[in-house]
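The values are calculated or read from the model by the stated rules, or taken from the named source; none is laboratory data. Model, not experiment: these values are computed from the prediction. Reconstructed Cβ throughout: ideal geometry from the backbone, glycine too, with neighbour counts over all protein chains shown. The area values use the complete protein model at the heavy-atom level, side chains included, leaving out ligands, DNA and RNA. Shrake-Rupley method; radii C 1.70, N 1.55, O 1.52, S 1.80 Å.
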Amino acid sequence: MYRVFEALDELVAIVEEARSVPMTASCVVPRGDVLELLDDVRDALPPELDDAQDVLDHRDKLINDARAQADKTVGDADEEARTLLEDARADADRMLAEAKAQADRMVAEARAHADELVRDAQAEADDLVADANQQYESVTGRARAEADRMIEAGKASYDRSVADGEAEKARLVSQTEVVQAAHAESARVIDAAHAESDRLRSECDEYIDGKLAEFEELLGTTLRSVGRGRQQLRTSGVPDYAEADHRASRRR
């Protein structure tokens with residue numbers, strides 16, 4: 001680079017010392033000296049300047065290539081992004097479909113379980129009602145049989161009392177001296193028979209009423225248990241009939 005500056009200084013000195021051409025701003029310089037100095041300058045210049053010039057000459061091509069590569073990279077990135085987005089949407093749709101299918105399956109299973117619980121509760125309620133009806137028929141039958149027996153016993157006792165009174169009356173009537181006493185005794189015996197019959201009938205009625213009251217309480221407890229079971233079935237699940245039956249048996 002020192003030789004470059006030195007040759008340039010010499011060129012400047014040659015131009016400054018050259019003879020002027022009259023009537024112009026030109027001058028006359030020795031061609032051979034100037035060309036020699038220019039060759040020195042050319043030879044003294046580093047080769048990197050030539051490479052730099054080549055780079056400058058190819059600048060537009062490099063810039064265009066870089067822009068094309070950048071556009072291609074951006075296009076590839078956009079295409080990859082669209083592909084990823086489509087894949088993500090497909091996965092999301094698939095997962096949503098699977099979740100919906102699973103939810104539908106769980107709802108169907110829950111409905112089937114609820115229907116099964118309802119059927120079981122209905123069957124248990126029917127069994128309770130059947131048992132209650134059977135108990136009602138049994139208690140009513142026993143009460144009727146006991147009432148009939150007591151009525152028959154009362155009628156038999158009444159008939160015996162009447163027969164005894166009639167016999168006593170006939171016997172006393174046959175005895176003229178005790179006719180008045182016979183009438184009184186006969187009336188007393190008849191009144192006693194009527195009183196005994198009324199007592200037996202009253203006891204029979206009280207017995208039947210007590211049995212019917214016990215059955216009414218049992219039937220009411222059963223109906224309340226069925227109602228609580230249906231209410232629990234609507235709200236939480238299988239009713240606890242065992243606890244209800246235990247409370248009912250304790251009340252009885």
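Some points to look at:
- Hydrodynamic radius of the range 118-174 per Kirkwood, over alpha carbon pairs, in Å: 15.1
- When peptides 22-35, 210-223 are ranked by their average number of other Cβ atoms within 10 Å per residue, the highest-first order is 210-223, 22-35.
- Fraction of accessible area attributable to carbon and sulfur, the range 1-112 (%, probe 1.4 Å): 58
- Counting only protein heavy atoms and a 1.4 Å probe, the range 42-161 has 80 square angstrom of accessible area per residue.
- Relative contact order, percent, the range 1-110 [alpha-carbon distance under 8 Å, six or more residues apart]: 22
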